[in-house]
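Novice: A single structure is presented below for examination.
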Amino acid sequence: MQLVLQLENEKYLYVDGVLRPYDGKIRAKDDVIGYRIVYDAGKIKLLNEYKVIKVNDSNLVVQAILREKIEKLNAYLFEYENNIYIYFGDIKNPKYNFPYMIIYGIPVALGSKDELIEAMNKDYKVALFGLENFKNDIKIINNAIFSLVKFDKCIDAVKYYREYKISDPEVSLAVAQCMEKIGEELEALKIYSFLSEEKYRELESKIREKINNMIEEYKKSGNVKTLMDAVRMLPTYDAPLIELGWHFVNKRKFDEALKYFDEAVKRSPTFHNLLLYAWALINNEQYKKALEVIEKAEKIKRNAGSAYIKGLALEGLNAFSHAEREFLYACREGIIDACMKIRSYKLYVPEPFDPSVWLGYVLYGYEVKQLLGNGGMGYVLLVERNGRKYAMKVMKKEYTFVEMLYEVAKMQEISKRSEYLVKIFASFLDENWTDYFSSPPAIIMEYMEGGDLRSVLVDPEYSALRHSVKWPQVIAFIFSKLAKAIIEVHKEGYVHCDIKPSNILFNRKLPRYGEDALNALTKSEVIPKLSDLGSSVKLGTPVMHYTPYYAHPLQRFGNKAETMFDVYSFTVSLYVSLTNNFPFPEWLENEIEEAVKDSEKRKQALEDFYNAVPRLDYIPSEFRDIIVRGLRGEISMLEINKELEEILIEEYNIDSNNLENEAEKLINY
């Protein structure tokens, strides 16, 4: 190749790979820096129609052939039609006599995606070229859009992202940042919602802050258009809608306010939004719908505010007695307007305390639905929270459970160790409580819908079950599971101290007939569980409470807790379940109770107790050894469990493989 070149003030003659100075004339102008020549015997003939053009960022040549390199100038020569394009710079792995595209000043080997992508990262115009000329190549398209984002060409990036319907996550996230910059924040938020929770929260927070500033601006100016604009900025944010609702409330336009409170609920059905909407419905005399809304809110939680609004709805429906109950609760919790709706004497809490006054009330976030039981030491309430039912045991205020206050947290942990223990979920115990009505000492427990064993033993509907030939098998199965639960309590160094049929609960109602009941138990459709872990006492700690007939005399006399107390109560409960009678005569029970009051009578009472022989003729023979040794304290709970498992396997052939495995695990513990 033969050329003359002018580079600034230097002129060169290039002939067949040799570069030398040149002192002739060259008409260089703009990008034309030389011409082809014919060099013959030292004579030079300029070929003016064959120009040498310097490659710059305005050049766009679809196909030029790379011919050679002028080493001293670090320049590459490309031939295209009549012209030579000279490129100053580096080319990785140049391919001579190979076609190149010169795209806005950057040579790219024809067909090389990698070189094209590299070029796009150097100049956004190359990226635009790629987008227009390689519409079916997703790799080039994705990288081209990345390049546009990199060079802050956000309008183009968003345009092509939509045009090509890009779904690549990384490209989408990059374009979303561009959308933020050009004011399309909601579109960016949609992308973030699928691909980046962190980015979503970050952008949402920014938009919320803008909206909050607009609300502040409205507060100063009173310009309601500011709120209208804010509503459109973030479809999930309820704050501007609530402000609009109050705006129209202040203007006494309750129908307009209702529309905005309704929309706020659709955007965010939170507890307070539902209350506002219900209140607006009441002001529009839509009482029935208001009641439906407030009942939905109370599935989230119930408090004095919701009770007051509910009372207003019920009052509007002429349900005055129900409304009064709601107002009473709200008043007790400090809602002054509710106090104006009731008779003041209704606030009186009677003595002795009547737990039914808690019905409809909320204790520690749990709404009281029903009084389930009233025992010697406490009340059991059916409560509800977030649509789920629980049992709440409330200690009677005349009892002081100082030790239990420190141990109940441990009981909560122990309750998770066996599926045959009623789980404790929470405790609310403060030995310094002052208001028993609103903050009594309480434990939240698993709600057992099936009731207790005591009901099965006395209710006429279970007469057929109790007289069934399967009854001993049912009892053996139930008590084998309870033994496992008690073993777990003992392992942790505690004694239950109140085992009795009323503390043996079922997750579901026990079928009324023998075969059905046994099948339900063996298939775990009905699960027996030991409840009232709150009565448990640490080993070696004096026992201050008991249940007559079921408690060992030493427990009743206040002796220190030992596992034998539970063995005795368990055995009495087993005896009662098999015979519907107690093992010892009434005169002995009376003598023991007298000795509780008079310590001088305890020695004789104990002597009579140890000499007493339980009646065994109504006890199936397979249980008699357990009964006798259990009443005498000559057997451990682990041994009782093992023997009950053996009775089930050997005498009744019930679920033998599973039971054998469980027994083995207990023995090897």
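Every number in this text was worked out from the coordinates using simple rules, so none of it is lab data. Quick caveat, the model's predicted, so the values are computed rather than measured. Positions of Cβ are backbone-derived with ideal geometry, glycine not excepted, and every protein chain shown enters the neighbour counts.
Novice: What size of dipole, in debye to the nearest 20, comes out for the range 226-347 about its Cα centre when the only charges are +1 on Lys and Arg C-beta atoms and -1 on Asp and Glu C-beta atoms? Numbers along the way, then the final one.
Specialist: Values: 19 positive and 16 negative charges, 54 e Å.
Approximately 260 debye in magnitude.
Novice: Would you mind calculating the gained length between Lys491 and Ile336 on full extension (0.36 nm times residue separation, minus the Cα-Cα distance), in nm to one decimal?
Specialist: Values: separation 155, 0.36 × 155 = 55.80 nm, distance 5.24 nm.
Extra length available between Lys491 and Ile336 comes to 50.6 nm.
Novice: How large is the charge dipole for the range 2-111, taken about the Cα centre, if only the Cβ atoms of Lys, Arg (+1) and Asp, Glu (-1) carry charge, to the nearest 20 debye? Walk me through the numbers before you get to the answer.
Specialist: Working: 15 positive and 14 negative charges, 41 e Å.
Roughly 200 debye, rounded to the nearest 20.
Novice: If you check each cysteine of the chain for another cysteine whose beta-carbon is under 4.7 Å away, which ones come up empty?
Specialist: Cys497 - these cysteines have no disulfide-compatible partner (Cβ-Cβ under 4.7 Å) in the chain.
Novice: Let me confirm the definition first: pairs of Lys residues in the range 2-111, 8 or more apart or on different chains, C-alpha distance under 16 Å. How many are there?
Specialist: 14
Novice: Still on this structure, I have one more. Tell me the angle of helix 138-150 to the major Cα principal axis of the chain, expressed in degrees between 0 and 90 and rounded to the nearest ten.
Specialist: With both axes taken from Cα atoms, the answer is about 90 degrees.
Novice: Shifting gears a bit: Once the piece of chain linking Gln2 and Ser356 is laid out straight, how much longer is it, given 0.36 nm per residue of separation minus the C-alpha distance between them? Could you put the intermediate results ahead of the total?
Specialist: On the way: separation 354, 0.36 × 354 = 127.44 nm, distance 11.11 nm.
116.3 nm is the gain from fully extending Gln2 to Ser356.
Novice: Sum up the charges of everything whose Cβ sits under 12 Å from the Cβ of Met392, counting Lys and Arg as +1 and Asp and Glu as -1, but leave Met392 out. Each step should come with its number before you reach the end.
Specialist: On the way: positive: Lys369, Arg385, Lys389, Lys393; negative: Glu367, Glu384, Glu446.
Residues near Met392 contribute +1 overall.
Novice: While we're looking at this one, here's another question. How big is the gap, in Å, between the Cα center of the range 84-139 and the Cα center of the range 215-237?
Specialist: Centre-to-centre (Cα) distance: 50 Å.
Novice: Work out how much length Ile155 to Ile300 would gain on full extension: take 0.36 nm times their residue separation and subtract the Cα-Cα distance, in nm to one decimal.
Specialist: 47.7 nm
Novice: Counting only pairs 8 or more places apart or on different chains, how many lysine pairs in the range 161-252 have C-alpha atoms closer than 17 Å?
Specialist: Counting lysine pairs in the range 161-252 gives 13.
Novice: Okay, moving on. Just name one of Gly630, Ile619, Ser577: the one whose Cα is farthest towards the positive end of the charge dipole of the range 573-653 (beta-carbon charges, Lys/Arg +1, Asp/Glu -1).
Specialist: Gly630
Novice: Select from Ile140, Ala257, Leu317 the residue farthest towards the positive end of the dipole of the chain; place +1 on Cβ of Lys and Arg, -1 on Cβ of Asp and Glu, and compute about the Cα centre.
Specialist: Ile140
Novice: Another one. So how tilted is helix 169-181 from the main axis of the chain? Cα-based, degrees 0 to 90, rounded to 10.
Specialist: Between the helix axis and the principal axis of the chain, the angle is about 80 degrees.
Novice: Quick check for me: using +1 on Lys/Arg Cβ and -1 on Asp/Glu Cβ, what's the dipole size of the chain about its Cα centre, in debye to the nearest 20?
Specialist: On the way: 90 positive and 101 negative charges, 566 e Å.
So the magnitude is around 2720 debye.
Novice: Sticking with this one: By how many degrees, between 0 and 90 and to the nearest 10, does the Cα long axis of helix 320-332 differ from the longest principal axis of the chain?
Specialist: 80 degrees
Novice: Could you give the radius of gyration (one decimal) and Dmax (whole number) of the Cα atoms in the chain, in Å?
Specialist: Calculated on Cα positions, Rg and Dmax stand at 44.2, 146 Å.
Novice: Shape of the range 535-633 from its Cα gyration tensor (a ≥ b ≥ c, root eigenvalues): rounded if a/c is under 1.5, otherwise prolate when a/b > b/c, or oblate?
Specialist: Numbers: a/c = 2.08, a/b = 1.36, b/c = 1.52.
In terms of gyration-tensor shape, oblate.
Novice: Sketch the reach of a paramagnetic label on Tyr50 as a point 7 Å from Cα along Cα-to-Cβ, and name the residues of the range 66-101 whose backbone nitrogen lies under 19 Å away.
Specialist: Under cut-off, by backbone N: 66-70, 76-87, 97-98.
Novice: Compute the distance in nm between two label points, each set 7 Å from the Cα along the Cα-to-Cβ direction, one at Lys29 and one at Lys135.
Specialist: Inter-label distance under the simple model: 3.9 nm.
Novice: Using a 7 Å offset from the Cα along the Cα-to-Cβ direction at both Leu539 and Arg67, what is the distance between the two label points in nm, to one decimal?
Specialist: Roughly 10.1 nm, to one decimal.
Novice: Please identify which residues in the range 308-330 have an amide N closer than 18 Å to a label point set 7 Å out from the Cα of Val349, following the Cα→Cβ vector.
Specialist: Residues 325-330 qualify, since their backbone N sits under 18 Å from the label point.
Novice: Based on the Cβ-Cβ distance from Lys389 to Ala319, what FRET efficiency comes out when R0 is 35 Å, to the nearest 0.05?
Specialist: Values: r = 25 Å, r/R0 = 0.70.
Once rounded, the FRET efficiency stands at 0.90.
Novice: So, in nm, how far is label Asn97 from label Asn223 when the simple model puts each one 7 Å beyond its Cα toward the Cβ?
Specialist: 7.4 nm
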